[in-house]
């Protein structure tokens, strides 16, 4: 603690991976059992989730906690397979429902403003965005999300409000659930 080499005070930047050539894609497909097209789609999804200019530490914690469905602190094979299945789904509603589950940290069945602020803070870190700007601050973005999605005005987003809100707004869908097109 207090160490200048502490990972929390100096998060690692994500490096943009080099482009894959056809032989690498074919090799990955053979190793994983995915088709070449699936490997390309998964790579595109990966690049959406892990852009080059941000810090992924906080957001990765959301993803990990969602994969670790039993809360054991480990992702076993079944959890990994279920998560991979959800991520590779073609159905945007299922992807959005998965994103909702990831953001509902307290498992209450809704996303509170406090949870959304933490989510947006991690997304801004991931994207390398300025969190304190006036027009596009975390607080302004949370207000924008709730003004568009919180239909019943209870300051919570139900799964239905979240999914329908993302389906109705391309910007919010890309922001909150990249790859759910």
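Looking only at residues in the stretch 81-113 that are on the phi < 0 side of the Ramachandran plot and part of a loop (DSSP other than H, G, I, E, B), which one is farthest from the chain's Cα centre (by Cα)? This residue is 108.
Which residue pairs have Cβ atoms closer than 8 Å, lie 6 or more positions apart in sequence or on different chains, and pair a first residue in the stretch 160-171 that is without any contact (Cβ under 8 Å) to a residue 40 or more places away in the chain with a second residue that is part of a helix (DSSP H, G or I) and surrounded by fewer than 20 Cβ atoms within 10 Å (Cβ to Cβ)? If the second residue must be part of a helix (DSSP H, G or I) and surrounded by fewer than 20 Cβ atoms within 10 Å (Cβ to Cβ), the pairs left are 165/148; 165/172; 168/148; 169/148. Kindly check whether there is at least one residue in the stretch 172-179 that is free of Cβ contacts under 8 Å to residues at least 40 places away in the same chain, in a helix (DSSP H, G or I) and either under 23 Å from residue 34 (Cα atoms) or in contact with a strand residue (DSSP E or B) (Cβ under 8 Å, 6 or more places away or on another chain) (or both). No, because not a single residue in the stretch 172-179 is free of Cβ contacts under 8 Å to residues at least 40 places away in the same chain, in a helix (DSSP H, G or I) and either under 23 Å from residue 34 (Cα atoms) or in contact with a strand residue (DSSP E or B) (Cβ under 8 Å, 6 or more places away or on another chain) (or both). Looking at 66, 84, 88, just one residue is surrounded by 18 or more Cβ atoms within 10 Å (Cβ to Cβ), under 30 Å from residue 34 (Cβ atoms) and modelled with pLDDT under 80, and that residue is 66.
The values are calculated or read from the model by the stated rules, or taken from the named source; none is laboratory data. Model, not experiment: these values are computed from the prediction. In this analysis, Cβ positions are derived from the backbone assuming ideal geometry, glycine residues included, and neighbour counts consider all displayed protein chains.
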